[in-house]
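Here the structure comes first, spelled out in structure tokens, and everything after it is commentary.
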Amino acid sequence: MQHQQPPDPSLEKLDQKTDREWRRLSNQVLYFRCQDKNCHTNPRLLSIAEGDPDSPIAPLLHLWRADNFSSDGRFAESLKAYDQAVIGTQSTRIFLPKANVINGALTHKAQTLILANDLNEALATYHDLMTLLPLEKEAALHAGMLAEQLGKNQLAYEYYQRIACADYSMDGDDPEQLAKRAIDRLDSSNVVFCQSEEELAGMLRVAVECKDTVQLTKLVSKTHFAIGPVG
């Protein structure tokens, strides 16, 4: 016999009107996104969110608006809406299990900043996410990768160290594994890494043709790709 799980006291229960409105808006947002009219519902979402800013659904409505703006390349409006989503979480409680508006809003904000080619601000956004959610491993990994792109290797090292595991495994998608490999790569100053098999093949061909033994030594490593040594 199955026992019904008791309600989670941390989750806000929606009243019938808000629940109906939430479901209707969900369907509308998805419909217009499929029609490539991402921002069509934004005025309605903003009106409802601003009409009742303490409603549990208000932060998520701002998050939807932000995603819609970002999809249409309206980055400035998108970034403002992501901030509104985060601010909204300060006065409301979540009503869906595992719904983490802060994580979603700041992660999507960082990704939008990358699309806008503002890597420094994207890095700062991931740092904000780690400050609010210290256990968020994906944020630390992406912050490290961005720091590397910006030439801030020591900062990247610190971000990777926050989550790197002690031993290698076969789980190549695990943030802890990727962080460990990134640290090993940063520590391997005498090893040349490539972004693809084609780049590696080209470098090997040139090194062999030029009889460049120093370059060949650098290319012979545990791995030749930017993910870092795999053991």
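If the condition is being more than 19 Å from Asp118 (Cα to Cα), polar (S, T, N, Q) and more than 19 Å from the chain's Cα centre (by Cα), then region 147-183 contributes Gln154, Ser169. Considering only residues in region 110-122 that are within 18 Å of Gly144 (Cβ to Cβ) and hydrophobic (A, V, I, L, M, F, W, C), the one that is surrounded by the most Cβ atoms within 10 Å (Cβ to Cβ) turns out to be Ala110. I'd like the residue in region 68-107 that is hydroxyl-bearing (Ser, Thr, Tyr) and in a helix (DSSP H, G or I) and, out of all such residues, is nearest to the chain's Cα centre (by Cα). Only one residue fits best here, namely Thr107.
Considering (1) surrounded by fewer than 23 Cβ atoms within 10 Å (Cβ to Cβ); (2) among the hydroxyl-bearing types (Ser, Thr, Tyr); (3) not in a loop (DSSP other than H, G, I, E, B), the lone condition that Tyr160 does not fulfil carries the number (1). Return a yes/no flag: does region 55-67 have any residue that is touching a Lys or Arg at 6+ places or on another chain (Cβ under 8 Å) and assigned to a helix (DSSP H, G or I). Scanning region 55-67, I find at least one residue that is touching a Lys or Arg at 6+ places or on another chain (Cβ under 8 Å) and assigned to a helix (DSSP H, G or I), so the answer is yes.
Figure legend. Inter-residue proximity from region 24-37: first residues exposed (fewer than 13 other Cβ atoms within 10 Å of the Cβ), second residues outside any loop (DSSP other than H, G, I, E, B), beta-carbon distance below 8 Å, spacing 6+ or different chains. No pairs are indicated.
Candidates in region 73-109 are the residues that are surrounded by fewer than 21 Cβ atoms within 10 Å (Cβ to Cβ) and either in contact with a Gly (Cβ under 6 Å, 6 or more places away or on another chain) or among the charged types (D, E, K, R) (or both); of these, the one that is farthest from Ser10 (Cα to Cα) is Arg74.
Only the coordinates and a few stated rules stand behind these numbers; no lab work does. Just so you know, these numbers come straight off a predicted model, no measurement behind them. Heads up, the Cβs are rebuilt from the backbone with ideal geometry, glycines too, and the neighbour counts pull from every protein chain shown.
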